[in-house]
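**Student:** Sharing a structure with you now.
The values are calculated or read from the model by the stated rules, or taken from the named source; none is laboratory data. Bear in mind that the values here come from a model prediction, so they are computed numbers and not experimental data. A quick note on method: Cβ atoms are made from the backbone with ideal geometry, for glycine too, and the neighbour counts reach across all protein chains shown.
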Amino acid sequence: MSERLTERGVGDVTDRRFGHLAEASTAELVRHLSEQSARLVREELRLAQLELRQKGGRAAKAAKMFGGAGVCALYGGGALIVAAGLALALVLPGWAAALIMAGVLFAVAAVMALQGKWHMGMATPPVRTADSVRADVHEIQQRTRGRR
């Protein structure tokens, strides 16, 4: 940058790249600002897209890992159920052990289903909000009919 003094003694700072702008009209300056702003926004969007691609790839890899962990946990749970059935088979006949294990699993499923039903009952639609929206629509309809 170079600095030169004007008649008033105030420093006039110019840059070699933008020296031509010192003599530009307001319209040219606004046009230049618009072009620069548009370019900046495009470059920022490109950068954001690149960053999202990179992070999206990482997120996809993480999702695959979580999916694999879930599958392994499912198989592990199945193996534990089989182990419990085999341990029970040491004391009872195999068919009785399998029947008891099936009963336990069905009981757990029933308890979970009842809890799910209870939670679903608690998740009612937003009645107050729906009523408020209906009242607002009715009020707007009444006011617009009154203006005609």
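**Student:** Among the candidates A130, A98, single out the residue that is small (G, A, S) and either over 31 Å from the mean Cα position of the chain (by Cα) or under 30 Å from A22 (Cα atoms) (or both).
**Tutor:** Criteria check complete, one pass: A98.
**Student:** Go through the stretch 109-133 and give me each residue that's of a type in the set (K, R) and modelled with pLDDT of 85 or more.
**Tutor:** The answer is K117, and nothing else.
**Student:** Before we move on, is T144 exposed (fewer than 11 other Cβ atoms within 10 Å of the Cβ) and part of a loop (DSSP other than H, G, I, E, B)?
**Tutor:** Criteria not met by T144.
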